[in-house]
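Have a look at the structure below before the remarks.
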Amino acid sequence: TLLASDYLGKFSRLIRFILNSSTVDSISLKEELDFLENYLDLQAVRFDNKFRYEIHVEEGIRTDNCFIPPLLIQPIVENAVEHGVSRLEKDGLIQIEILQEQKHLKVIVTDNGIGRMKAGRISARKRKNHKSLSTSITKERLLNLNKGTDEDIFIETIDLTDEQGN
């Protein structure tokens, strides 16, 4: 009962954040990271604690005084959970690293999941009529955010492999 109550409390904070974020152009990095922690806590419970996560913010970055578009990091983290670490038996790890590069932020999301190729094959077999939209929606958002500004917000996806090519 305590677990269910805690889960519902976290879920309601998640929904409240999404609703509040839908009405603003930017939020503090602290708010976004708090949201991601809440989201990852819920997902860890959902997937029987098969994974853990780490969030590292480079020293000197003031998360309360740095503003970003809301819900920009979450779809990438969601992909790491849904298509990566959730398919492991145990010992999954998602790392989120926030770095300062000149006047820009660099966000690196790394997971030790099964890989995009293998996840794609599994998803194709399981959900023939399902079309994943989070990546395309995020890319569309980035195009809109970059219009009429000097900013160049972009996503780069790099497949990591071990010595055996896995």
Check off (1) touching a helix residue (DSSP H, G or I) at 6+ places or on another chain (Cβ under 6 Å); (2) part of a helix (DSSP H, G or I) for residue 76 and give me the number that stays unchecked. (1)
How many residues does the range 1-59 contain that are touching a strand residue (DSSP E or B) at 6+ places or on another chain (Cβ under 8 Å) and basic (Lys, Arg)? 2
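So how many residues does the range 21-56 have that are part of a strand (DSSP E or B) and of a type in the set (Gly, Ala, Ser)? First the steps, then the outcome.
Start the filter on the range 21-56 by keeping residues that are part of a strand (DSSP E or B), which leaves 27-28, 51-56.
Okay, now just the ones that are also of a type in the set (Gly, Ala, Ser), so 28.
Residues flagged as part of a strand (DSSP E or B) and of a type in the set (Gly, Ala, Ser) within the range 21-56 amount to 1.
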When every residue in the range 90-121 that is at pLDDT below 90 and assigned to a loop (DSSP other than H, G, I, E, B) is compared, the one nearest to residue 26 (Cα to Cα) is 103
Across the range 132-150, what is the total count of residues that are assigned to a loop (DSSP other than H, G, I, E, B) and either within 13 Å of residue 75 (Cα to Cα) or at pLDDT 75 or above (or both)? 5
So the check is Cβ under 9 Å with 6+ separation or different chains; which pairs have a first residue in the range 4-32 that's over 15 Å from residue 67 (Cβ atoms) and a second one that's open to solvent by 70 Å² or more (accessible area, probe 1.4 Å) and in a helix (DSSP H, G or I)? 7/46; 13/34; 17/31; 17/34
Filter the range 1-47 for residues that are surrounded by 16 or more Cβ atoms within 10 Å (Cβ to Cβ), touching a Pro at 6+ places or on another chain (Cβ under 9 Å) and not hydrophobic (A, V, I, L, M, F, W, C) and give the result. 21, 31, 32
Does residue 51 count as open to solvent by less than 70 Å² (accessible area, probe 1.4 Å), touching a Ser or Thr at 6+ places or on another chain (Cβ under 7 Å) and farther than 19 Å from residue 153 by Cα? no
Is one or more of the residues making up the range 57-66 part of a strand (DSSP E or B), open to solvent by 40 Å² or more (accessible area, probe 1.4 Å) and not hydroxyl-bearing (Ser, Thr, Tyr)? yes
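The values are calculated or read from the model by the stated rules, or taken from the named source; none is laboratory data. The model shown is predicted, which means the values in this text are computed figures rather than measured ones. FYI the Cβ positions are ideal-geometry reconstructions off the backbone, even for glycines, and counts take in every protein chain you see. Ligands, DNA and RNA are excluded from the accessible area calculation, which covers all protein heavy atoms including side chains. Shrake-Rupley method; radii C 1.70, N 1.55, O 1.52, S 1.80 Å.
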